[in-house]
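A.B. asks: This is the structure I want to talk about, given as structure tokens.
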Amino acid sequence: MSYLQPWMLWALPTVLLPIIIHLLNRLRYRTVHWGAMMFLLRANKAATRRAKIRQYLLLLFRALVILFLIWAMSRPITGGWIGKAAGGASEVVLVVLDRSASMEGRAPDSQETKRQHAIALLTQAAKQSAGSRFVLIENVLRQPLEIADTATLASIQMASATDTAADIPAMLRTALDYLAKNKPGSAEVWIASDLQSSNWRPDAPEWQDIAARFAGLPQETQVRVLDLSSPGGTNLSIGLKAADFRVRDAKTGKGQLALGFEIKTNGKTGTFPLLVTRDGAKSQTDLKLTASSQRQTMKFDVPKPEAGGGWGKLELPVDDNTADNTAYFVHRTPIAMHTTVIGDLPLTGKIFRFSAAPDTSRADRTAETLTPARASGTRWKDSALIVWQGAAPAEAEAKALDQFVNDGGVLLALPPGKNQGDSAGVAGISWGEIEKSGKDAFRVTAWDDLDGPLQRTDAGVSLPLARLSVIQRQMPRTATATAHVYGAYADGQPFLTGRRVGNGFVFACSTLPEEEWSSLGEGFVLLPMVQRLVAVGGKHLAPPSLAVAGEWKPEGTEGSWAPVETDRRRDPRWNAGIYRNGAQLIALNRADAEDLPELVESARLKDLLRGAKLTVMAGALELKADRLMNEIWPAMVIATMLFMCLEMLLATSNAMLPVKLKAKPKTTVQTKKNEEVTA
């Protein structure tokens with residue numbers, strides 16, 4: 001509870017006036033003892049007890065009248081349970097604001113987005129902590145920003161809508177670092193989020209450290225989670241998967257543009273319009289959705305792009321979340337992407353060379369094979385993908401390969417095909433003993449079909465890894481434990497692993513495409529896998545055309561990148577769209593994880609933040625900001641009038657007044673001498 005006129009509370013000592021007046025009145029009379037007093041006191045003992053109770057009640061009601069009158073004049077305000085939770089004025093309040101793309105969703109029958117609703121609730125709740133310092137931590141820059149006036153929270157740029165993802169653990173680490181550095185006497189952490197699992201990352205090991213740091217804080221710290229999750233209304237989302245331009249006519253530069261995208265719905269299917277914009281020209285087509293998630297590819301014949309490339313976007317109709325209705329793309333004339341295959345096995349080299357450049361008519365896909373002895377002096381930086389099979393490279397080549405990967409290239413390591421003990425191979429990878437399957441071949445039973453070289457096709461079809469038959473395998477051993485398993489055998493051993501090194505990737509496959517090793521050489525898995533590795537490695541050969549908002553870092557000054565398809569102000573650090581810097585174009589889209597519907601349950605929050613004093617404010621979307629805090633002085637006035645009436649009734653009532661003794665009737669006694677005696 002807080003007050004709009006708190007200075008009136010200085011009058012509270014006047015509540016003691018009735019008691020002071022009562023004591024002064026008692027001093028006006030002096031007690032004089034006389035002989036018959038004992039008989040009168042004994043006769044009026046019960047009446048005196050009732051009189052004292054009456055006096056005490058009168059004093060109480062008169063004090064309460066003054067108390068509630070002053071209370072009403074101070075104009076107290078109170079609110080719902082969120083207002084009560086924020087009622088204590090801590091020295092510092094850290095507002096952890098999730099402004100990811102999913103926070104732009106609207107609850108059913110609401111015109112406010114979740115982010116706007118959260119800001120309105122936090123602004124109102126902050127009025128109850130007028131003496132606190134407020135510090136904003138948002139999900140893009142994650143830098144503490146002190147806010148002088150919380151009323152401006154809705155208008156500042158750092159609380160505006162974004163198309164980024166959020167990293168709640170990283171935001172809480174920033175909050176903990178702020179508390180450790182500034183050491184406030186008491187603090188609160190307000191977290192406003194829709195509890196999307198991809199943003200909270202509940203399986204991340206860093207939550208153990210976060211819980212321990214909260215438990216070890218010297219100051220009293222409350223953590224309050226504003227739960228803005230909702231079942232969601234009607235919503236469609238679209239995400240771009242690929243924008244590939246292939247030249248069909250070398251003379252004119254004309255070609256075909258293939259757009260791969262994914263449409264997700266919260267259960268509603270049917271036919272929906274899709275607006276397609278290409279270099280400013282618009283057209284519309286109808287999409288028929290038969291599943292909750294559907295991948296499609298659209299192809300267009302387009303003229304030769306300009307030097308910076310062509311641009312466009314795909315738009316769905318407006319629904320409950322406008323942040324996921326648009327996907328942006330940029331296409332340009334493809335650059336030449338070269339693959340270098342180094343190995344001791346000629347057949348393996350030939351298969352990989354064909355997988356990297358299957359169409360010899362395409363000038364933008366080339367490949368060559370070399371033996372390890374001829375690898376010296378190769379210009380690795382001109383390649384998109386390097387496939388290494390065989391003995392470890394020499395020291396000079398090893399350093400050059402490390403630099404190639406750090407600059408953004410992709411290296412695929414293959415088994416040497418013979419036992420080498422514990423000696424390290426390319427990229428620090430050593431290989432175990434060769435294993436033979438025996439009667440039943442090794443089978444790949446689990447793989448990552450959402451991301452990486454083994455992901456589903458643009459049409460949403462999974463690669464047929466279950467058909468792969470592996471007769472021999474040789475397990476890679478890396479010096480780091482950060483390798484991601486993209487595919488695994490039935491016994492849990494890895495088929496394909498990968499890890500990021502600098503700006504590039506190092507992958508390791510545990511079998512060879514030779515007939516005595518596996519059926520990998522048949523191409524149904526190898527061809528798409530290699531093509532995807534080439535595409536990833538080719539990104540470092542030219543400026544990117546597609547990137548994720550919030551992850552892409554603009555080169556040069558931020559102001560040099562201007563939006564192309566709109567006149568509205570946009571920031572390339574966190575807003576999706578098409579941006580131009582001179583002749584260079586780039587398309588920024590929201591993170592794919594923002595379309596995932598999974599949420600973190602409240603019970604899991606208590607486990608993640610077990611080291612903090614946690615309050616989860618469920619149902620926050622149903623709270624109204626304008627009803628969050630209300631003046632209650634009318635109730636105080638009514639209470640004042642009630643106490644005045646009770647005081648008046650008690651003062652004028654005879655129920656508790658001392659009882660007057662009735663005079664006894666006179667009796668006459670006749671004596672023997674006929675004398676009358678009156679008693």
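A.B. asks: So which of Ala391, Ala427, Ala396 ends up being on the phi > 0 side of the Ramachandran plot and either surrounded by fewer than 23 Cβ atoms within 10 Å (Cβ to Cβ) or not acidic (Asp, Glu) (or both)?
C.D. replies: Of Ala391, Ala427, Ala396, the one residue that is on the phi > 0 side of the Ramachandran plot and either surrounded by fewer than 23 Cβ atoms within 10 Å (Cβ to Cβ) or not acidic (Asp, Glu) (or both) is Ala427.
A.B. asks: Within segment 244-259, track down each residue that is at negative phi and surrounded by fewer than 19 Cβ atoms within 10 Å (Cβ to Cβ).
C.D. replies: Passing the criteria: Asp244, Arg246, Val247, Arg248, Asp249, Ala250, Lys251, Thr252, Lys254, Gln256, Ala258.
A.B. asks: Asp194 passes all but one of (1) more than 30 Å from Pro544 (Cα to Cα); (2) touching a residue at least 60 places away in the same chain (Cβ under 8 Å); (3) surrounded by fewer than 20 Cβ atoms within 10 Å (Cβ to Cβ); which number fails?
C.D. replies: For Asp194, the failing item is (3).
A.B. asks: Okay, moving on. In segment 247-278, which residue that is hydroxyl-bearing (Ser, Thr, Tyr) and modelled with pLDDT of 85 or more is nearest to the chain's Cα centre (by Cα)? I'd like the intermediate steps shown before the answer.
C.D. replies: First pass over segment 247-278, keeping only residues hydroxyl-bearing (Ser, Thr, Tyr): 252, 265, 269, 271, 277.
With the extra rule that they be modelled with pLDDT of 85 or more, the set shrinks to 265, 271, 277.
Values: Thr265: 21, Thr271: 32, Thr277: 31 Å.
If we take residues in segment 247-278 being hydroxyl-bearing (Ser, Thr, Tyr) and modelled with pLDDT of 85 or more, then Thr265 is nearest to the chain's Cα centre (by Cα).
A.B. asks: On the given criteria, is Leu541 surrounded by 14 or more Cβ atoms within 10 Å (Cβ to Cβ), at pLDDT 90 or above and not hydroxyl-bearing (Ser, Thr, Tyr)?
C.D. replies: When the stated conditions are applied, Leu541 does not pass them.
A.B. asks: Which numbered condition in (1) modelled with pLDDT of 90 or more; (2) farther than 21 Å from Gly523 by Cβ is the only one that Ser423 fails?
C.D. replies: Single failed check for Ser423: (1).
A.B. asks: Residues being surrounded by 13 or more Cβ atoms within 10 Å (Cβ to Cβ), at pLDDT below 85 and out of contact with any strand residue (DSSP E or B) (no Cβ under 9 Å at 6 or more places or on another chain): count how many of those fall in segment 597-623.
C.D. replies: 1
A.B. asks: Identify the single condition in (1) within 26 Å of Thr478 (Cα to Cα); (2) in a helix (DSSP H, G or I); (3) within 45 Å of the chain's Cα centre (by Cα) that Pro393 does not satisfy, given that it satisfies every other one.
C.D. replies: (2)
A.B. asks: Check Ile351, Ile342 and return the single one that is crowded, with 21+ Cβ neighbours inside 10 Å, in contact with a Ser or Thr (Cβ under 8 Å, 6 or more places away or on another chain), over 22 Å from Gly260 (Cβ atoms) and among the aliphatic types (A, V, I, L, M).
C.D. replies: From the options Ile351, Ile342, the qualifying one is Ile342.
A.B. asks: Find the strands (runs of 3 or more DSSP E) located wholly in segment 454-572 whose residues include 2 or more that are within 26 Å of Gly239 (Cα to Cα), and list them.
C.D. replies: Correct list: 484-489, 494-501, 504-509, 546-548.
A.B. asks: Here's something else I'd like to know. Can you name the residue in segment 375-388 that is surrounded by fewer than 18 Cβ atoms within 10 Å (Cβ to Cβ) and in contact (Cβ under 8 Å) with a residue 12 or more places away in the chain and is also farthest from Gln420 (Cα to Cα) among such residues?
C.D. replies: Here the answer is Asp382.
A.B. asks: Only one of Glu514, Glu522 is surrounded by fewer than 23 Cβ atoms within 10 Å (Cβ to Cβ), on the phi < 0 side of the Ramachandran plot, in contact (Cβ under 8 Å) with a residue 40 or more places away in the chain and among the acidic types (Asp, Glu); which?
C.D. replies: Glu514
A.B. asks: Scan (1) surrounded by 16 or more Cβ atoms within 10 Å (Cβ to Cβ); (2) without any contact (Cβ under 8 Å) to a residue 24 or more places away in the chain for the single condition Gly487 breaks and write down its number.
C.D. replies: Against the list (1) surrounded by 16 or more Cβ atoms within 10 Å (Cβ to Cβ); (2) without any contact (Cβ under 8 Å) to a residue 24 or more places away in the chain, Gly487 comes up short only on (2).
The values are calculated or read from the model by the stated rules, or taken from the named source; none is laboratory data. Values in this document were obtained by computation on a predicted structure and should not be read as measured data. Heads up, the Cβs are rebuilt from the backbone with ideal geometry, glycines too, and the neighbour counts pull from every protein chain shown.
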